[in-house]
Each structure stands twice: as C-alpha cells, then as structure tokens.
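Enquirer: The structure follows.
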Amino acid sequence: EVVRGDAVRLRQILINLIGNALKFTEKGEIFFQLSLVAKNPDYSVLHFIVRDTGIGISREAQAHIFDAFSQVDGSMARRHEGSGLGLAISRELVEAMGGTIGVNSEPGTGSVFWFTVCLKHAESVPEIVQQNDVQRDQFKLGLAGQVETLHVLLAEDNIINQELGRIMLESLGCQVDVVENGIEAVEAVFNKEYDLIFMDCQMPELDGYEATRAIRQRESDSGGRRVLIVALTAHAMEGDREQCLAAGMDDYASKPFTVHQLHDVIKRWHGGMDESEAGQVSE
Ligand code: ADP
C-alpha cells in the first residue's frame, strides 16, 4: 500500500527519537515498531513506537519534555550534548502531519516514545521515488567523472547520522572516515590529508566550531594546506550561518541531510566550481 507524505520530515522525527534512544541507553535494546491503526477511505493513521531500555525520564520531566530547550539532566545532556530542541521540533512536525506525540517512561527502566501521523492514500509510488536508485548511480558517475576519489571525514556524534552519512557519501564514490567528536576530528586531520570535512556543529567533548578553530589555527601556524570544512547543523537558526563562517567553516548544510544535498556540496567545491562562487555559503 502506498501513502503520500513528507519523507524528509518523517525521517527527521525518527532520527531524533531513535538517536535519543541510542544516546540514553547503555545496555539492553532499542525497539522500533510501525503499525497501521486506522484506515479511512482517504487516509491512514500510522503509529510509530521507539522503545528503549535506557535511563528513563521522571514524571515531572515528562510534562515538559516536548517544550523547546528542555533537557532533563544538565550534566547528562552536557556529556551527550544536544540542544533540547529535537523533541520540540518533532512535536511540531507530528502535529503538522495531523498526529500526536507522547512518552511513557519509568526512570531506570526505559522510555517509550510514540507518535501518530495521518497520511493520504496514493495510487502508486511516484516516479521520482522509483528513480532514486537510478539517480544515485548517476550521481556516482557524475562525481567519478570529474574528481579523483575524495577523502572525506565525517565528524558526527549521532550514530544514525554517522551510518546514513557514510552510506550516502560512499554511494557518491567518496572514501569516508567517521569520528564522533571534535577532539577526534582535529586528531584525524593532523594524521591524514582530507579533501573535505563534514563537521557537525554540536558534538560532545569539543564542538564543531571549536574543532574548526583548532584546525584553522594549526593550518596557519604550519602554513599547511587549508582543508574544506562544511558545517552540518540540525537547527537552521538565525545566526547559525554567521557562526559557522566566523569559526572558519566554508559552507553549510542543514540536517537532516540528503544525498542530494551532499552531492550538491561536493559538486560545488570539487566539481569545477566558478572561482567567484567560492567562499559563498549556501543558504
Ligand atoms: P537533545 O538535543 O538535548 O537530545 P531533545 O529535545 O531531543 O533534545 O531531548 C530533550 C531531553 O529529553 C534530552 O536532553 C534528554 O534529557 C531527554 N530525553 C529524550 N529522549 C530520551 C530517552 N530516550 N531517554 C532518556 N531521556 C531522554
């Protein structure tokens, strides 16, 4: 059966919920379930569950957890980093899709995050979706025709984004190394020459801005080659772009990133870009 919806936004919600589940669970399991709860002539109601066996959330905290900038335990959140915006954004997206989102949790036992969305029925899978595989192969050819294998470093703490990013970049013909915080990113750059770094802005230990500053400092001290750094940021917030530039980054892509976006960035910088366009940050 085929339904019609906003796949990018749906993925954003799932990345957030599953990412949180992985972040706050040290042992046990993460369980995911999708079921159909109602079907009308026009639309279906889908029910998603993400259950973990992690630290859990107190009853008081559950009452505010979908509010913007809400983090339950400052020390825990600092260790893991995060903005406290993910669940607030997820709630907005779920409600915009005609659904609701909620949590049941027991401290020390785990949490169950669930949400519903209403999606219209579609007659068939749109051609554009069917073409995705073909397009991916075309991307690969497109890049391979113009550049040597690019050595790319992906600095990203979210496990799902690490995997997605690696798969997407490899499908574009890149050779990919993944690190999970700013300190590892700085070390990696000192040990190997990269053509391009995708740098998550919010990471534990050392964030993307600080890591970029450290890399730029080292480059200017040693007179070494300037590596291209592209920021990955989850929240397209006012001032983000300026902050990225000020830290010494060259370009900017918002999360959740897609293979098209990564392809565009690589094309822009390594695919024979006009000099006059260099240095401009994409909106
Ligand atoms: P953040 O970017 O800080 O993760 P979220 O809005 O996604 O922002 O989450 C807000 C807070 O809710 C987290 O900082 C954490 O304290 C708590 N939280 C979210 N998901 C879980 C979970 N699965 N288990 C325990 N705590 C969670």
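The values are calculated or read from the model by the stated rules, or taken from the named source; none is laboratory data. Small disclaimer: the values here were computed from a predicted structure and weren't measured. Cβ sites come from the backbone with ideal geometry, for glycine too, and all protein chains shown count toward neighbours.
Enquirer: Among (1) within 12 Å of the ligand (Cβ to nearest atom); (2) modelled with pLDDT of 90 or more; (3) under 22 Å from residue 162 (Cα atoms), where does residue 57 come up short?
Expert: That leaves (3) as the condition not met.
Enquirer: Would you say residue 241 is loosely packed, with under 12 Cβ neighbours inside 10 Å, under 18 Å from residue 269 (Cβ atoms) and among the charged types (D, E, K, R)?
Expert: So residue 241 does not fit the description; no.
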